[in-house]
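A quick write-up on the structure given underneath.
The values are calculated or read from the model by the stated rules, or taken from the named source; none is laboratory data. Quick caveat, the model's predicted, so the values are computed rather than measured. FYI the Cβ positions are ideal-geometry reconstructions off the backbone, even for glycines, and counts take in every protein chain you see. Heavy atoms of the whole protein, side chains included, go into the accessibility calculation; ligands, DNA and RNA do not. Shrake-Rupley method; radii C 1.70, N 1.55, O 1.52, S 1.80 Å.
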Amino acid sequence: MSDIKFTRALADPDHALKPAGRPGPLGKPLVLANDGLPEEEKAWFCDAYPTASGPYKGILENFLNWARSKSLWILGFGTGCGAIELRPLMTSRFDMYRFGIQPRPTPRQSSVFVIGGYASVKTLKRIVRSYEQMMGPKFVVALGSCTINGGMYWDSYNTINAIEHYIPVDVYIAGCMPRPEALLAGFKELQRKIRRGECEGAVKYAENFEWYKANQKKVIHDWNMPDYNY
Amino acid sequence: MEPSIPLRIAYAFASLAVITVYGLLLIGSMARISAKVQGRVGQPVWQPFIDIVKSSGKRNSISHGVMFWLGPVFRLAGGVGTYMFVPAVLGSVVFQNFSMSGDLLLVMYFIFFGQLGMALGASEGGHPYSAIGVSRGLAQMTAFEVPFALSIISIAVQYGTLDITKIVMAQQGGFLNWTLFTNPLAVVAAMIAFLGMSGHNPFSVVIAPQEIPIGPPTEYQSNLLGMLQTNRAVFNGAKLVLYMNLFFGGATNVPVMVVKTFLIYFVNIFVGQAFPRFRTDQAIRFFLGVPTLIGIAAVVLFAF
Amino acid sequence: MRTIPADIAERFEVGPLVSKRADLSTLDVDAKDVPELLARLRDRHGYRHLSFVTATDQIEEGVFVLTYMLHNHADNHSLGVKCRVGRENAVMESCHLLWEQMWTYQRELKELFGIDFPGSPRVDESFVLEGWIDIPPMRREFDTREYSERTFPTRPGRSTKDPATHMKEKLYPEAL
Ligand code: SF4
């Protein structure tokens, strides 16, 4: 899917996390720095690394994957111009409910995050927070050229160019902006991928956590949130 | 013949399973009917089942402590409790539940209990939207409880008992014996309260499932959410069965029960598709206005 | 034909009134006179509405041109008051007492152009950019492309075509 190598080369050494590989000494879970928080707030937030649960195999998992693909709950968070194309999906003309797709207002309950186009650095901060608050398995659909390579904002000082450096993406939908039909096709593709058991973004995120964090911290300069919003 | 206690428990589980499946199908089919009204195809009838499987199949979940975890448990207890003390089908061994052991007051208590437990649990999540949802929910519930309680008082006076089985018995023998015809005012008040209880339009602001504040369950996820979804089906079924027993002559076999409860639930869709949503304060004012007056009239008519 | 009102002409050193459209004129004025002039326009001449405040970077002349756009609703006329501020350590007197929304405009100018308005409420807080660490991005010496390439990793293989030549190639290949 992605041609990105998970190296630490991209990471800015100043912002890189403590070199704390997951299996710590004595097998104890390693502790996050929670860099951005003031000292007295650090205790309020979880300081454990995310653990990868899965990928699993077997009949039960296949059944669950089928259920997941048939019940996609979108996080109602429109992050760019493309979000305007999500609205028509609810109308009688496109009717996404027939595929089991529903909008959901809270990250806790939703399983699909639709990145609706360009993400400014300010929005990226919220995207990361919301993404981390979702419960795995979680899927990301990225709309529009902006999420793929920057689109028409490729040289902007304030929008990131490739979203997959910051969170794992399962399906891209190209276009500027993609029509609702394209969105439906994208969701169908996502369903097929889930059923094949290929959408393990949450696992990927947990396994390459340092890489993602370092990338995020490289562009989000005023990091004032916990390092991982479980 | 009186079945033994283990057998009764087994029957109760069977009856619970039936009402859960039925409740879920009911929710699914009503969603589909609404979709048709709006000119859509709509979700499959079995969508609620898939949603529950999916929610329960999530790989991780978070908790905010024991109270948070207990919220859905209380809620489920409220739903199951309501159902367990109502005879789903009169004279059936399997579906009579434990209706001999409890009366109308206990059932009303259970209706309230689930909401309160949920309120406690949801506030534990610490999310501001939960608090908003809880306060909206409790305010609206207090309001619709007034016409509902008045109508219950009215039929308690009418039949001279609080025992649900006796109330159903009194309505047997022709539909003219139904409370619907013997005490229409109480039925009207209770049906309006029912609209509020089911949380469809125009009283859907408490659990606005697709808008920003989803209501009390904002922080609930994974298996806890699955539990809440299951409860929704059980609770719906329980309320429908209760209404059928109190006002529409009960049922002597399963098909009659299905038809009657379906039609009662259909009132929600009928009203909900025709009216826009009330704000919470408007809903409270509405419930404390005409429906309450109707309820009072129903009481006065039978008390004197 | 609009003319500069007499009381303004005699109090301030103002440039000519340039009429851009029937309902839009601009007026050049010295930076130090701006607050007083705005107050007078607002209180005596009916320009009660502040439409916006903006800056243009005239890097060749070494100045920022600040434009305060006022509107007179009775007259349906907009008046842009322009003044020039040096680019180095750009400082301008704050006018936040005249219109409250001036706070926000001045905060924005501080963030995007680096023009300081001492005394303006919350002027040092970030406005749209959170945690900006480079030079203000709307200054013309800021190279947005270079910044983007330096900061945001891209997917390899992106190519850009000049729209004019590309369309010519596609539509009229014989003309090339
Ligand atoms: S791809 Fe086009 S429509 Fe989508 S966010 Fe970018 S500019 Fe907007």
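Every residue in segment C:79-98 that is open to solvent by 20 Å² or more (accessible area, probe 1.4 Å) and in contact with a Leu (Cβ under 9 Å, 6 or more places away or on another chain), please.
Passing the criteria: C:Lys82, C:Arg84, C:Leu98.
What are the residues in segment A:109-141 that are part of a strand (DSSP E or B) and within 15 Å of the ligand (Cβ to nearest atom), if any?
Passing the criteria: A:Val114, A:Ile115, A:Ser120, A:Val141.
Out of all the residues in segment A:72-94, is one or more within 16 Å of the ligand (Cβ to nearest atom), within 14 Å of chain C (Cβ to nearest Cβ) and of a type outside the set (A, V, I, L, M, F, W, C)?
no
Residues of segment A:145-165 being within 9 Å of the ligand (Cβ to nearest atom) and either more than 9 Å from every other protein chain (Cβ to nearest Cβ) or of a type in the set (S, T, N, Q) (or both), which ones?
A:Ser145, A:Cys146, A:Thr147, A:Gly151, A:Met152, A:Thr159, listed by residue number.
Given the structure, is A:Trp223 modelled with pLDDT under 90, among the aromatic types (Phe, Trp, Tyr) and out of contact with any strand residue (DSSP E or B) (no Cβ under 8 Å at 6 or more places or on another chain)?
Taking the combined requirement at face value, the residue satisfies it.
Looking for whichever is within 14 Å of chain A (Cβ to nearest Cβ) and not in a helix (DSSP H, G or I) here; the options are C:Pro121, C:Pro153. Which one fits?
Answer to the check: C:Pro153.
Checking B:Val37 against (1) within 14 Å of chain A (Cβ to nearest Cβ); (2) buried (at least 17 other Cβ atoms within 10 Å of the Cβ): exactly one of these is not met. Which one?
Result: B:Val37 passes all but (2).
Please work out if A:Leu64 is open to solvent by 10 Å² or more (accessible area, probe 1.4 Å), more than 16 Å from the ligand (Cβ to nearest atom) and within 21 Å of the chain's Cα centre (by Cα).
The answer is yes for A:Leu64.
Tell me whether segment A:148-156 contains one or more residues that are in the same structural domain as A:Ile194 (by TED's automatic domain parsing), touching a helix residue (DSSP H, G or I) at 6+ places or on another chain (Cβ under 6 Å) and among the hydrophobic types (A, V, I, L, M, F, W, C).
No, because not a single residue in segment A:148-156 is in the same structural domain as A:Ile194 (by TED's automatic domain parsing), touching a helix residue (DSSP H, G or I) at 6+ places or on another chain (Cβ under 6 Å) and among the hydrophobic types (A, V, I, L, M, F, W, C).
Suppose we filter segment C:135-150 for residues that are within 8 Å of another protein chain (Cβ to nearest Cβ) and part of a loop (DSSP other than H, G, I, E, B); how many remain?
The number of residues fulfilling the criteria is 2.
Pick from B:Gly121, B:Gly137, B:Gly102: which is within 16 Å of the chain's Cα centre (by Cα), open to solvent by less than 30 Å² (accessible area, probe 1.4 Å) and closer than 20 Å to B:Ala77 by Cα?
B:Gly137
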